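Undergrad: Take this structure first; my questions come after.
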Amino acid sequence: MEHVEFNKDLIEFLNSSPTPWHAVSTMKSRLDAAGFQQLDERDDWSLDRNRGYYVIRNGSSIVAFRTGNKDVSTSGIRMVGAHTDSPCLKVKPNPELRRKGYFQLGVEVYGGVLLNPWFDRDLSLAGRVTLLDEAGEVQDVLVDFRKPVAFIPSLAIHLDREANSNRSINAQTDLPPVLMQVPEDDTTSFADLLSQQVAAESGIKARKILGYELSFYDAQQAEFVGLRNDFVASARMDNLLSCYIGLQSLIHTSGDEAALLVCNDHEEVGSMSAEGAQGPFLTAVLDRWCGAGKARAIAHSMMISADNAHGVHPNYLDRHDENHGPVLNQGPVIKVNHNQRYATNSRSAALYRHISDELGLPHQTFVVRSDMGCGSTIGPLTAGNLGVTTLDIGVPQFGMHSIRELIGAEDGFTLFRVLAEFMQREKVF
Ligand SMILES: [Zn+2]
């Protein structure tokens, strides 16, 4: 039952990564422990063969790679991509709301949040704070309140008799979480609360809070679920599961081949940012690594874009094409969309199936119903930017973009085994 150990470590990874900044910081510690060296984009780089490096941009995106022992222009790079962000509720810049003595915070909806499950949850708060410290320096600090500090109560059914048939959610008026009760003349500012939290967590005294990006998250920890532990439930499975699988694949493989993992922020809002997959981050790293040999290196390379897929829901069977309904625990899902919402082509899919077959592991294939629109991933963006042959794949899950998502306990480990083999494979094409 190797997948049990794998999932226990996954659970730890998920619990320590409530935001993209925390996810990158978790990945950084694991890369450091594995002997990878951090590179700063402001410095001159001189890269050695047979070494591991990583580059972080904005604290929320990361490119980690192993240089291998060959000339990349003739042997290529085995690349895996994923995204660090998940849909959530972010605190507004001037967030304080006081009504009937309740202290609440205004929130902005980030990405395609499935809003209903956010009600009646024990919510915590985490993210990045930028402050002026006592020495007069501006610095970034990560904060994570960890314990439940807020709640979005449902309206009782007695006050809305149509709640089960007809309730819709107004994101402006229905979502502000309640944090505490305060006296009439209260003047608490959110910045004060943040300063206290920063001091308690890291001992840093803030002269002034200058900015922040903070999001609420479910304080309930990730966990095995099911009578026979068939499943793992957690927030942010989409797409920290793929970040974790990619990271494990990179760290636990070695050999002569060059391999790379890119985890971008901002996929859930279209990826167009300095650190998003539509931005120049990965290209900039490859330019500096491969130099004049980059075009040839890309032609020898392949990218596997890993992002979760929709498992067919037993209560909603008609939402999937009858021949393309992935089932949890029956293998990772090759995602096909010939309109290029997914970057998979028949060659990249074939290579995956071939490796997976060699290892005796299961795989499935998804194509959306012809009368429905299709989601997308960083796959087509990276393929379009770099010109690299790309595969879109992902572990099937339930409840995508809910505050708590469910995967099969076996699929993550299966995908890890195939990606690990891919990363050290001598010949891709
Ligand atoms: Zn995703």
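The values are calculated or read from the model by the stated rules, or taken from the named source; none is laboratory data. In this text, all values refer to a predicted model and were calculated from it rather than measured experimentally. Methodologically, a virtual Cβ is constructed for each residue, glycine included, from the backbone with ideal geometry; neighbour enumeration extends over all protein chains shown. Calculation scope for accessible area: heavy atoms of the full protein, side chains included, ligands and nucleic acids excluded. Shrake-Rupley method; radii C 1.70, N 1.55, O 1.52, S 1.80 Å.
Undergrad: Of all residues in segment 217-270, which are polar (S, T, N, Q), within 19 Å of ILE403 (Cβ to Cβ) and part of a helix (DSSP H, G or I)? Break it down stepwise before answering.
TA: Step one: of segment 217-270, the residues polar (S, T, N, Q) are 220-221, 229, 234, 239, 242, 248-249, 253-254, 264.
So of that shortlist, the ones also within 19 Å of ILE403 (Cβ to Cβ) come out as 220-221, 234, 239, 242.
Those that are polar (S, T, N, Q), within 19 Å of ILE403 (Cβ to Cβ) and part of a helix (DSSP H, G or I): ASN239, SER242.
So that you can scan it fast, the table gives a plain yes or no per residue for (1) within 28 Å of GLY408 (Cβ to Cβ); (2) part of a helix (DSSP H, G or I); (3) in contact with a strand residue (DSSP E or B) (Cβ under 6 Å, 6 or more places away or on another chain); (4) open to solvent by 20 Å² or more (accessible area, probe 1.4 Å):
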{"position": "HIS3", "(1), (2), (3), (4)": "yes, yes, no, yes"}
{"position": "GLU12", "(1), (2), (3), (4)": "yes, yes, no, yes"}
{"position": "SER17", "(1), (2), (3), (4)": "yes, no, no, no"}
{"position": "SER46", "(1), (2), (3), (4)": "no, no, no, yes"}
{"position": "ARG49", "(1), (2), (3), (4)": "no, no, no, yes"}
{"position": "TYR54", "(1), (2), (3), (4)": "no, no, yes, no"}
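Undergrad: Return the only residue of MET272, MET302 being loosely packed, with under 14 Cβ neighbours inside 10 Å, hydrophobic (A, V, I, L, M, F, W, C) and under 25 Å from GLY387 (Cβ atoms). Step through it out loud before you land on a result.
TA: Numbers: MET302 fails: loosely packed, with under 14 Cβ neighbours inside 10 Å.
Unique residue meeting the criteria: MET272.
Undergrad: Further, regarding this structure: Filter segment 357-399 down to the residues that are buried (at least 21 other Cβ atoms within 10 Å of the Cβ) and more than 20 Å from ASN345 (Cβ to Cβ), then identify the one that is farthest from the ligand (Cβ to nearest atom).
TA: PRO396
Per-residue answers, yes or no, for (1) open to solvent by less than 10 Å² (accessible area, probe 1.4 Å); (2) more than 16 Å from the ligand (Cβ to nearest atom); (3) modelled with pLDDT under 95:
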site: ILE77; (1), (2), (3): yes, yes, no
site: ALA82; (1), (2), (3): yes, no, no
site: PRO87; (1), (2), (3): no, no, no
site: LYS92; (1), (2), (3): no, yes, no
site: LEU97; (1), (2), (3): no, yes, no
site: GLY112; (1), (2), (3): no, no, no
site: ARG128; (1), (2), (3): no, yes, no
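Undergrad: Is it true that some residue in segment 308-325 is closer than 21 Å to SER75 by Cβ and touching a helix residue (DSSP H, G or I) at 6+ places or on another chain (Cβ under 7 Å)? Talk me through it step by step, then tell me what you get.
TA: Going residue by residue through segment 308-325, those that are closer than 21 Å to SER75 by Cβ are none.
Looking for residues that are closer than 21 Å to SER75 by Cβ and touching a helix residue (DSSP H, G or I) at 6+ places or on another chain (Cβ under 7 Å), one finds none in segment 308-325, hence no.
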